[in-house]
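K.L.:
Please find one structure pasted underneath; my questions will follow.
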Amino acid sequence: MNDIMKGRLMIPGVYTRSTMGPRMEPYPILDLRTVVSPYAPQRGCSFFDRIGGCDEHLYWETSRGCVFRCAYCAYTHRRPVFRTVPIERLQSEVEYFNRRDIKSIFVTDPVLGGPKSNTRRVLGLISQIESKPRVSVLLRPEYLDQEMVILLQRANVGWLDLGLQTTNPQLQYVHRKNDIPFLLSSCDLLRDAGMGFNLDLIIGFPGDNKESMLESIRFVIEEAKPNTIKIFPLRVYPGTPIHDMFLSRGSSWLSFDNHTRLVKSTATCCQEEMDEFTKFCNTVVTFYRFLSEESWLHKEQEFRRLPFFVRVFEKVSALEYSDADIWHIMNCPQNAYDRDKTQGVWTRMFDELEITN
């Protein structure tokens, strides 16, 4: 493993920080029939069995790559190749699952099944799993018509991650066309079906400024109304169209950290603004989740407004920044959510928010 991490041993399709660079060339495994299923019997038992895998939760892959071509996405490196796992293998894996008492499955596909027609087919396979595990998937919002929601229900999909990324119509180079009225109707369908869902946003696209990024966040909070929100700063990966645009336009258009790949500044958002806005987004994500999980403390109409979250950020920022809980909320990755820390900070600033009990 040390040789792999330091780049002394190269495995096709596997990259580490030491092997990523502007000239990196991907070596995708084109024929997924050559990939051994972790759930297929090998010398009497599967790899999953040999490592003592737990039936409680499984990760399942039905495709690799992506059928979409978003300008920022690492899935569309220089050799964009979408592949599906052979249907025969998926069927045999479902049969393996049916010999187990599987409680939950996370499907790792960037977009479940890839093209919409294959999404339907994969959902049909999932619905054959007899233990009816709770299934979590990643999906494009434009797939969510009435027929798709019915298929999701039959497959016992209980959680969806949906990539919105931006509502700014000026960012056409991002190749992310969002039909806002359709998205809102899709969110209504999911709520009516009792499915939880998250909406993703990305901040820091060149061409986005504070006002347009705030509008994307306002739309998600006040109109789309997901169970949770995730807001990520743009990462600039080698080989992506947005990285090629950076190479031609220079650091005045876009600058980023060479180690983390995170955006630092753009022509429309300076570094100081970007740093402050990232803290604001972390605060929004944290308290949105806290309030959502607490059923909005019976004041959803009052809390579900962008101005309220702006006020929360102002109050959090006014507290002692050296305090570990405050620092955690404003700076930690959003997957490091800590309910106790969040509740403690909420209690401390409750009175200052002038909320009526």
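K.L.:
Of the residues in region 111-135, how many are surrounded by 20 or more Cβ atoms within 10 Å (Cβ to Cβ) and closer than 21 Å to Ser186 by Cα?
P.N.:
8
K.L.:
Let me ask something else. Taking the condition under 26 Å from Asp161 (Cβ atoms) and touching a Gly at 6+ places or on another chain (Cβ under 8 Å), does Met274 pass? Don't jump to the end; show me each part of the working.
P.N.:
Working: under 26 Å from Asp161 (Cβ atoms): yes; touching a Gly at 6+ places or on another chain (Cβ under 8 Å): yes.
Spelling it out, Met274 is indeed under 26 Å from Asp161 (Cβ atoms) and touching a Gly at 6+ places or on another chain (Cβ under 8 Å).
K.L.:
Right, something else. Does Phe246 satisfy the criteria of being in a strand (DSSP E or B) and either surrounded by 14 or more Cβ atoms within 10 Å (Cβ to Cβ) or at pLDDT 95 or above (or both)?
P.N.:
Details: in a strand (DSSP E or B): no; either surrounded by 14 or more Cβ atoms within 10 Å (Cβ to Cβ) or at pLDDT 95 or above (or both): yes.
No.
K.L.:
For region 168-223, how many residues are touching a Pro at 6+ places or on another chain (Cβ under 8 Å) and either aromatic (Phe, Trp, Tyr) or at pLDDT 95 or above (or both)?
P.N.:
Residues that pass the stated criteria total 12.
Conditions tested, residue by residue: (1) modelled with pLDDT under 95; (2) in contact with a His (Cβ under 8 Å, 6 or more places away or on another chain); (3) part of a loop (DSSP other than H, G, I, E, B).
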site: Asp55; (1), (2), (3): yes, no, yes
site: Arg69; (1), (2), (3): yes, yes, yes
site: Arg89; (1), (2), (3): yes, no, no
site: Arg99; (1), (2), (3): yes, no, yes
site: Gly113; (1), (2), (3): no, no, yes
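K.L.:
Quick one: how many residues across region 221-248 are under 23 Å from Tyr173 (Cα atoms), of a type outside the set (A, V, I, L, M) and either touching a strand residue (DSSP E or B) at 6+ places or on another chain (Cβ under 6 Å) or touching a residue at least 40 places away in the same chain (Cβ under 8 Å) (or both)?
P.N.:
Step one: of region 221-248, the residues under 23 Å from Tyr173 (Cα atoms) are 230-248.
Pick out the ones that are also of a type outside the set (A, V, I, L, M) and you get 230, 232-233, 235, 237-241, 243-244, 246, 248.
Add one more test, that the residue is either touching a strand residue (DSSP E or B) at 6+ places or on another chain (Cβ under 6 Å) or touching a residue at least 40 places away in the same chain (Cβ under 8 Å) (or both), and what stays is 230, 232-233, 235, 237-241, 243, 246.
The qualifying residues number 11.
K.L.:
Among the residues of region 316-357, write down those that are loosely packed, with under 12 Cβ neighbours inside 10 Å, among the hydroxyl-bearing types (Ser, Thr, Tyr) and modelled with pLDDT of 85 or more.
P.N.:
The answer is Thr347, and nothing else.
K.L.:
Still on this structure, please answer the following. Quick check on region 136-150. Is at least one of its residues surrounded by 14 or more Cβ atoms within 10 Å (Cβ to Cβ), assigned to a loop (DSSP other than H, G, I, E, B), hydroxyl-bearing (Ser, Thr, Tyr) and in contact with a Phe, Trp or Tyr (Cβ under 9 Å, 6 or more places away or on another chain)?
P.N.:
Within region 136-150, not a single residue is surrounded by 14 or more Cβ atoms within 10 Å (Cβ to Cβ), assigned to a loop (DSSP other than H, G, I, E, B), hydroxyl-bearing (Ser, Thr, Tyr) and in contact with a Phe, Trp or Tyr (Cβ under 9 Å, 6 or more places away or on another chain).
Yes/no per residue for (1) part of a helix (DSSP H, G or I); (2) among the acidic types (Asp, Glu); (3) at pLDDT 95 or above:
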residue	(1), (2), (3)
Tyr237	no, no, no
Lys264	no, no, yes
Glu272	yes, yes, yes
Asn282	yes, no, yes
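K.L.:
Name the residues in region 178-190 that are assigned to a loop (DSSP other than H, G, I, E, B) and surrounded by 13 or more Cβ atoms within 10 Å (Cβ to Cβ), would you?
P.N.:
The initial filter retains those residues of region 178-190 that are assigned to a loop (DSSP other than H, G, I, E, B), namely 178-179.
If the condition is that a residue be assigned to a loop (DSSP other than H, G, I, E, B) and surrounded by 13 or more Cβ atoms within 10 Å (Cβ to Cβ), then Asn178 is the only one that fits.
K.L.:
Also: Just to check your reading of the model, which residue among Pro206, Pro169 is over 20 Å from the mean Cα position of the chain (by Cα), outside any helix (DSSP H, G or I) and in contact (Cβ under 8 Å) with a residue 24 or more places away in the chain?
P.N.:
Unique residue meeting the criteria: Pro206.
K.L.:
Residues of region 157-177 being closer than 17 Å to Met213 by Cα and surrounded by 17 or more Cβ atoms within 10 Å (Cβ to Cβ), which ones?
P.N.:
Gly163, Leu164, Gln165, Thr166, Thr167, Asn168, Leu171, Val174, Arg176
K.L.:
Inside region 89-110, can you point out the residues that are surrounded by 21 or more Cβ atoms within 10 Å (Cβ to Cβ) and among the β-branched types (Val, Ile, Thr)?
P.N.:
Ile102, Ile105, Val107
K.L.:
Name, by its number, the condition in (1) farther than 15 Å from Lys225 by Cα; (2) buried (at least 17 other Cβ atoms within 10 Å of the Cβ) that does not hold for Phe287.
P.N.:
The number of the failed condition is (1).
K.L.:
Of a type outside the set (D, E, K, R), out of contact with any Leu (no Cβ under 6 Å at 6 or more places or on another chain), within 25 Å of Ser292 (Cα to Cα) and not in a helix (DSSP H, G or I): does that describe Phe219?
P.N.:
Answer is no for this residue.
The values are calculated or read from the model by the stated rules, or taken from the named source; none is laboratory data. These figures come from a predicted structure and were not determined experimentally. So basically every Cβ, Gly included, is an ideal-geometry build from the backbone, and we count neighbours across all protein chains shown.
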